[in-house]
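Student: One structure follows; several queries about it will come next.
The values are calculated or read from the model by the stated rules, or taken from the named source; none is laboratory data. Because the structure is predicted, anything quoted here is derived from the model rather than measured. Here Cβ is always computed from backbone atoms with ideal geometry, including for glycine, and neighbour counts include all displayed protein chains. For accessibility, only protein heavy atoms count, side chains too; no ligands or nucleic acids. Shrake-Rupley method; radii C 1.70, N 1.55, O 1.52, S 1.80 Å.
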Amino acid sequence: MRRSLIVVGLTGAALAAVFALTAPAGTHRKTAKPPAGIHKIKHVIVIMQENRSFDHYFGTYPGAEGFPRTPDGDFAVCVPDPAKGGCQKPYHDTSDLNAGGPHGALNATADTAGGKMDGFIAQAEFGRRTGCIKNPNDPLCSRRAENPDVMGYHDGQDIPNYWAYARNFVLQDHMFEPNASWSLPAHLFMVSEWSARCSRRGEPMSCVAAIQNPVNPAKARADYAWTDLTYLLHKHRVSWRYYVFTGTEPDCEDDEMICESVKQGAKTPGIWNPLPYFDTVQQDGQLGNITTLSQYFKAARTGTLPAVSWINPTGSVSEHPPGLVSAGQAYVTKLVNAAMRGKDWKSTAIFLAWDDWGGFYDHVQPPNVDRLGYGLRVPGLVISPYARRGFIDHQTLSFDAYVKFIEDDFLGGQRIDPATDGRPDPRPDVRENEPILGTLVRDFNFKQKPRPPLLLNPHPQTDLH
C-alpha cells in the first residue's frame, strides 16, 4: 500500500477517517490465508546478528544462489580495486576477525553501483582511511589498513554450525535487509516496519521516513512515536520479550565502520535496542518486557517462552567487526541449543538473520520496494521441528516476512497499518502486503512429525585463525 497524503490539524479519530476515505483501491486487499498448521508454532524467536552478507557466509553453499561461476567453475566476478589497480575475485578468508566496509545509505548506493555490484572495495578503502583518522587505535585499522577483506568469504569449514543448520533446516538465499542502510534503521524495521524521525513528541503524524538518520538513542534522546509490533501484540494479549545481552554495542552511525563501543543493557536504549523509546511500549506499560538474556535461558529451560522473542547480542558475540566469527557462532549455537533442549521446542520457530551486509560483497542487486529499501542480501535461516529439511528458499524476503508471519500466526493477519490499527502515521506503505514479499509459511511442513533437536557443539573444529 502506497499513499501520498497531507493532513493538517486533525484529531486521531478524524485522521483515521481520512485514511479510510483516501486509501487507494486494493489497500485492504485480502492476503492469502495461511494454513491452519501455522498455529502449531506457538513461539517465534528472532535472533539478529550483525554485519554479514549472504555471499560472505553462503556464497559457496551447494544449491544456493552464490557466487556466479564460469563454465569451468572459476568465479565469474571481479571487483575493481582503485588503490592497487586491477580487480579482485572472491577468495576464501580463514581469518576469524574480519573488517568489512562502511554500510550507510550512501555506501549501499555506491556498493550496488546501479546494479553493477562493483563498488565494495572502493568503499572499504575509503571507509578505512576516514575511520582510522577518527579511531587510529582500533584493531581493524592495524589489521586491514591496506588490505580490504570485503571480497573474502567463509565456507562450511569455517562456520560448520551455520552450514549444519542450512543442511538440516532452511536456508533463505534471497533474504534482503529491509532498508539499504545501517543497524539502527534495520532494527527499527524489525520491530515496527518503519524507520523515521519524529519532530513532535508523542505525535505519530509528525514522523517522517529516515532511512539513514533516525535519532540514535545512544547519542540523543529519541522518540519513536509511530506504531510498532508490540502495540498489536499487547492489544491482542500476545506475550513478547526483547532479550538484551548486557555488555556493549558500537556507537557507529551514518557510514562509519570503525567506532567506539558504548554500554548496553535491557534498560539502555541503543541502536540494537530501540524499543524503550517507542511511545507504545511506554504507554502500554511494557518496558519490563525488555529484559536480560539470562531470562531467555531461564524461559527456554522452564518451558515459559513468550509467543514472540527478539534476541539482541553484545558486541563481542555479534559478528559486528571486530567481533569474531567463531564467538558469534558459539553464542548463536547456545541460543539454539537452549530452545531445542527446552519444553517448548516442539512448538518453536527460530528465525536467524544478520541485520545488514556490513560492507561485505554480495552479487545480487536488491529489488526496489519503496524509497526505503530493500537493502543488500543477508543470510537467513529457519530452524524449527516443522522446518523442511535441507530446503533452500528462493523467495524474495526481508525482515518484513518475520512480522508478517507473527501477524498471521498470533494476530489473525492484522497488519501494522495506520488506516486500521488506531494509530495513524504517514508511513509510505504496509510492508507486509508488498506483492514481492514471500511467505515464511513455505519453509515449513506442518504435516510432518515434529523433528528432534539438532544439538551442536558451540565450539566445533574450524579452519578459522
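Student: Among ALA108, ALA99, ALA122, which is the only one that is open to solvent by 20 Å² or more (accessible area, probe 1.4 Å) and among the aliphatic types (A, V, I, L, M)? I'd like the intermediate steps shown before the answer.
Tutor: Numbers: ALA108 fails: open to solvent by 20 Å² or more (accessible area, probe 1.4 Å); ALA99 fails: open to solvent by 20 Å² or more (accessible area, probe 1.4 Å).
Of ALA108, ALA99, ALA122, the one residue that is open to solvent by 20 Å² or more (accessible area, probe 1.4 Å) and among the aliphatic types (A, V, I, L, M) is ALA122.
Student: For the condition among the β-branched types (Val, Ile, Thr), touching a residue at least 60 places away in the same chain (Cβ under 8 Å) and over 30 Å from THR420 (Cα atoms), what is the one hit in THR292, THR304, THR246? Steps first, please.
Tutor: On the way: THR292 fails: touching a residue at least 60 places away in the same chain (Cβ under 8 Å); THR304 fails: touching a residue at least 60 places away in the same chain (Cβ under 8 Å).
Criteria check complete, one pass: THR246.
Student: Return the pair list, or none, for Cβ contacts closer than 7 Å from residues in the stretch 62-80 that are on the phi > 0 side of the Ramachandran plot and exposed (fewer than 13 other Cβ atoms within 10 Å of the Cβ) to residues that are modelled with pLDDT of 95 or more and of a type outside the set (Asp, Glu), at least 6 apart or on different chains.
Tutor: That search, which allows pairs on different chains as well, returns GLY63/ILE392.
Student: Assess whether ILE392 counts as being assigned to a loop (DSSP other than H, G, I, E, B) and at pLDDT 95 or above. Quick ask: steps written out before the conclusion?
Tutor: Details: assigned to a loop (DSSP other than H, G, I, E, B): no; at pLDDT 95 or above: yes.
The answer is no for ILE392.
Student: Can you name every residue in the stretch 32-75 that is over 26 Å from PRO385 (Cα atoms) and more than 23 Å from the chain's Cα centre (by Cα)?
Tutor: Answer for the stretch 32-75, where residues must be over 26 Å from PRO385 (Cα atoms) and more than 23 Å from the chain's Cα centre (by Cα): PRO68, ARG69, THR70, PRO71, ASP72, GLY73, ASP74, PHE75.
Student: For the stretch 158-181, name all the residues that are open to solvent by less than 10 Å² (accessible area, probe 1.4 Å) and assigned to a loop (DSSP other than H, G, I, E, B).
Tutor: ASP158, ILE159, PHE169, ASP173, GLU177, PRO178, ASN179, SER181
Student: Next up: I need a count of the residues in the stretch 422-445 that are over 24 Å from the mean Cα position of the chain (by Cα) and open to solvent by less than 20 Å² (accessible area, probe 1.4 Å).
Tutor: The number of residues fulfilling the criteria is 1.
Student: Also: Does LEU21 satisfy being at pLDDT below 95, exposed (fewer than 10 other Cβ atoms within 10 Å of the Cβ) and among the hydrophobic types (A, V, I, L, M, F, W, C)?
Tutor: Details: at pLDDT below 95: yes; exposed (fewer than 10 other Cβ atoms within 10 Å of the Cβ): yes; among the hydrophobic types (A, V, I, L, M, F, W, C): yes.
Answer is yes for this residue.
Student: Can you tell me how many residues in the stretch 323-341 are more than 20 Å from GLY100 (Cβ to Cβ) and either modelled with pLDDT under 95 or open to solvent by 10 Å² or more (accessible area, probe 1.4 Å) (or both)?
Tutor: Count: 3.
Student: In the stretch 438-455, which residues are touching a Ser or Thr at 6+ places or on another chain (Cβ under 7 Å) and not small (Gly, Ala, Ser)?
Tutor: Kept after step one, since they are touching a Ser or Thr at 6+ places or on another chain (Cβ under 7 Å), are these residues of the stretch 438-455: 438, 444.
Hit for the stretch 438-455 is PHE444, nothing else.
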